[in-house]
Amino acid sequence: MEMIKVGPAGGEGRNRWWDEKGRGEVAQIFVSYNYDTVYSLQFLFYENDTLVMSNKHGTNDCESFCAVAFDYPTEFLTSISGSFRTSYEHNILNSISFVTNKGSYGPFGNTSIYSKMFITQIGNYRSFGGFHGSTNSYGIGSIGVYMKPITISMINFKDLSVKVEKEEVQEKMV
């Protein structure tokens, strides 16, 4: 089944594009940032029974650094959010946050009154299918995600049977 490409937040601008399609099992995210710029992102993925490091996306600048480690395999991304601004024909990611089924990480960076906010809700199923985005001379210019459509194996039929039973009860009451 084909994945859905969402975004990127931050738009076009003068950027170099990167793509991590099909890399949905994230074990760790590395973020380099300062008070108003996300300089770089790098990801540790689980693939074919091994951990694989992505390329670093962004610049080598580093005022602050955070390594976000997920409780893999039980923890997975449910949303990402943040903000970006435009400066000299470049988009600049100001801040980014990651939310999983177990907690929140961030914000890394900061928003300003000149920032545009974004949020991408991935959902409570394992629908995340990878990142994509762009970089420029300032750092991360934009970010988006790939989402896998829900399959029958993802649906909890136990939950559906409860809903059906409630509907049957309401019909009997009428």
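The values are calculated or read from the model by the stated rules, or taken from the named source; none is laboratory data. From a predicted model like this one, the values you see are computed outputs, not experimental measurements. Every residue, glycine as well, gets a Cβ built from its backbone with ideal geometry; the counts of neighbours run over all protein chains shown.
For the range 98-117, the set of residues classified as surrounded by fewer than 17 Cβ atoms within 10 Å (Cβ to Cβ), over 17 Å from ASN136 (Cβ atoms) and either of a type in the set (Gly, Ala, Ser) or touching a Gly at 6+ places or on another chain (Cβ under 9 Å) (or both) consists of GLY103, SER104, THR111, SER112, MET117, listed by residue number.
Comparison of SER115, SER134, SER161, SER142 shows that the only residue that is more than 26 Å from VAL26 (Cα to Cα) and either under 17 Å from the mean Cα position of the chain (by Cα) or modelled with pLDDT of 75 or more (or both) is SER115. Considering the range 118-128, and only residues there that are surrounded by fewer than 22 Cβ atoms within 10 Å (Cβ to Cβ) and in a strand (DSSP E or B), the residue that is farthest from the chain's Cα centre (by Cα) turns out to be PHE118. Taken together, PHE43, PHE30 contain a single residue that is under 20 Å from ASN136 (Cβ atoms), surrounded by fewer than 19 Cβ atoms within 10 Å (Cβ to Cβ), at pLDDT 95 or above and not aliphatic (A, V, I, L, M), which is PHE30.
Every listed requirement among (1) more than 18 Å from ARG126 (Cβ to Cβ); (2) free of Cβ contacts under 8 Å to residues at least 40 places away in the same chain; (3) assigned to a loop (DSSP other than H, G, I, E, B); (4) not β-branched (Val, Ile, Thr) is met by SER81 save one, (3).
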